[in-house]
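A short reminder: the numbers here are calculations on the coordinates, not readings from a lab. Computed from a predicted model, the values in this text were never measured in an experiment. Virtual Cβ from ideal backbone geometry, glycine too; neighbours counted across all protein chains shown.
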Amino acid sequence: MSAPAHIEAGETGYDRVMSFTLPARDARGRVVRLGPVLETVLAAHDYPLPIKHLLAEALTVTALIGSLMKDGEGQMTMQAQTEAGIVDLLVCDYRGGELRGYVRHDADRLAALGANPSLYALFGKGYLMITFDMATTGQRYQGIVPLEGASLAEACQAYFFQSEQVPTLIRVAVRSDKAGCVAGGILVQHLPEGEEGRERLHVRLDHPEWEHVTALAGSTRHEELVDPDLSLEALVWRLFHEEDEVRFELSGPLSRGCRCSIEHYWSVIAQFPESERIEMRNEDGLIVVDCAFCSRLFELSA
């Protein structure tokens with residue numbers, strides 16, 4: 001089966017998610033590459049390199065998982081919290097192609113770890129929470145798993161198998177150099193009953209179709225995920241070109257999506273009693289709100 005012309009030509013670059021399905025293998029996937037959007041999010045704070053790479057990985061995973069949502073106005077949030085960890089909070093979310101993220105950490109303790117600390121060294125004992133808020137139905141789905149493994153990607157794999165009973169493989173790569181920070185990732189999932197939405201009665205990690213898909217997807221190289229000259233279509237085609245059929249769908253562009261505004265914060269502050277709002281005011285009579293996502297201060301007058 002030869003590559004379609006649009007794959008040979010390919011669309012290169014950054015800040016896109018592409019979905020694909022392998023009908024004969026009962027598998028679906030997503031592939032993403034982040035560039036300018038990632039740089040914009042990272043620029044909000046002067047993160048040291050290990051935290052920058054951690055947040056880049058988290059944003060990549062968030063884009064992969066968030067893009068699985070069929071509810072275009074829904075929001076997926078990934079949050080990691082720890083008990084006395086060097087990183088005590090990591091939060092990212094995705095809504096309609098918009099990404100944002102933030103990491104809070106102890107800079108002094110981080111400096112003592114060296115250049116390439118492990119996930120456990122950064123978080124210690126912690127947990128990962130993934131939440132889907134559906135705009136069309138108002139429903140919320142949430143799963144919590146221990147923050148374990150060598151990477152956030154591995155922890156998210158565990159989430160899908162434990163909370164969703166969906167075998168999942170996620171691979172993420174991050175590259176930083178003088179030109180900036182680039183990240184890419186691939187996610188594949190096995191839906192052994194075929195069509196999405198059907199009850200999955202026979203989920204198991206040793207299913208022969210799933211073993212075949214993970215063997216191919218797991219061969220993805222680090223440099224392929226972050227190479228802007230390799231289109232997302234061509235990347236997937238390299239992995240699965242021997243399959244009977246590979247279906248592609250390219251999403252709209254990704255963007256940085258901090259949703260902070262004076263109006264938003266006033267709607268939040270207005271829910272507090274007047275006595276508490278008075279206590280929030282500074283000596284100039286203003287309520288100052290610090291948005292951690294974009295590192296901006298918003299002054300709300302009384």
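Counting only trypsin sites (Lys or Arg not before Pro) that sit in a DSSP loop (anything but H, G, I, E, B) with at most 12 other Cβ atoms within 10 Å, what is the longest stretch of the chain containing none of them? Maximal segment without exposed cleavage sites: 222-302.
Placing R0 at 51 angstrom, the Cβ-Cβ distance between Glu83 and Glu245 gives a FRET efficiency of 0.60 after rounding to 0.05.
In square nanometres, what is the average projected area of the Cα convex hull of the chain? Averaged projected hull area, Cα only: 17.9 nm².
Between Arg277 and Gln139, 0.36 nm times their residue separation minus their Cα-Cα distance comes to what?
The span from Arg277 to Gln139 would gain 46.6 nm if fully extended.
Derived scalar couplings between HN and Hα for the stretch 175-187 equal 10, 10, 8, 5, 7, x, 10, 10, 9, x, x, 9, 10 Hz in order, rounded to whole Hz, by the Karplus curve 6.51 cos²θ - 1.76 cosθ + 1.60 (θ = phi - 60°), x for Gly and Pro.
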